[in-house]
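Below is one structure; the comments refer to it alone.
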Amino acid sequence: MYKVYFEVRDHDGKAYAIIAAFVGDDRVDTITRLAHGYEVPLPIQCIPDIVRMLAEHNIAVYQVIRYAKLNQSWPSPDSH
């Protein structure tokens, strides 16, 4: 897991909704709103999927920054 920053244009909340749907209800509280985007802990393999989903909804992604490795784990699909 890494802390990842997505710099996006989100004047109507669509980007937040897409990221929140991706991480799920159990982890939505891990999303941090910043002035020009969102920080969220994610497995690095999920970054392209989120960027693709944002692009499919015509949301500009200006940059993606991977900050630091976290000592957390992503829940497995069978853990729900």
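I'm trying to understand the selection: among the residues of segment 4-15, which are open to solvent by less than 50 Å² (accessible area, probe 1.4 Å) and part of a loop (DSSP other than H, G, I, E, B)?
Asp10, Gly13
For (1) without any contact (Cβ under 8 Å) to a residue 24 or more places away in the chain; (2) open to solvent by less than 20 Å² (accessible area, probe 1.4 Å); (3) among the basic types (Lys, Arg), each residue gets a yes or a no:
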{"site": "Tyr2", "(1), (2), (3)": "no, no, no"}
{"site": "Ala17", "(1), (2), (3)": "yes, no, no"}
{"site": "Ala21", "(1), (2), (3)": "yes, no, no"}
{"site": "Asp26", "(1), (2), (3)": "no, no, no"}
{"site": "Leu34", "(1), (2), (3)": "no, no, no"}
{"site": "Gly37", "(1), (2), (3)": "no, yes, no"}
{"site": "Ile47", "(1), (2), (3)": "no, no, no"}
{"site": "Arg52", "(1), (2), (3)": "yes, no, yes"}
{"site": "Glu56", "(1), (2), (3)": "yes, no, no"}
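Quick one: in segment 8-54, which of the residues that are in contact with a strand residue (DSSP E or B) (Cβ under 8 Å, 6 or more places away or on another chain) and small (Gly, Ala, Ser) is nearest to Ile65 (Cα to Cα)?
Only one residue tops the list, namely Gly37.
Could you list all residues from segment 58-71 that are closer than 17 Å to Asp12 by Cα and surrounded by 15 or more Cβ atoms within 10 Å (Cβ to Cβ)?
Selection gives Ile59, Val61.
The values are calculated or read from the model by the stated rules, or taken from the named source; none is laboratory data. Values in this document were obtained by computation on a predicted structure and should not be read as measured data. Using ideal geometry, Cβ is built from the backbone for each residue, glycine included, and neighbour counts are taken over all protein chains shown. All accessible areas refer to the heavy atoms of the entire protein, side chains included, with ligands and DNA or RNA removed. Shrake-Rupley method; radii C 1.70, N 1.55, O 1.52, S 1.80 Å.
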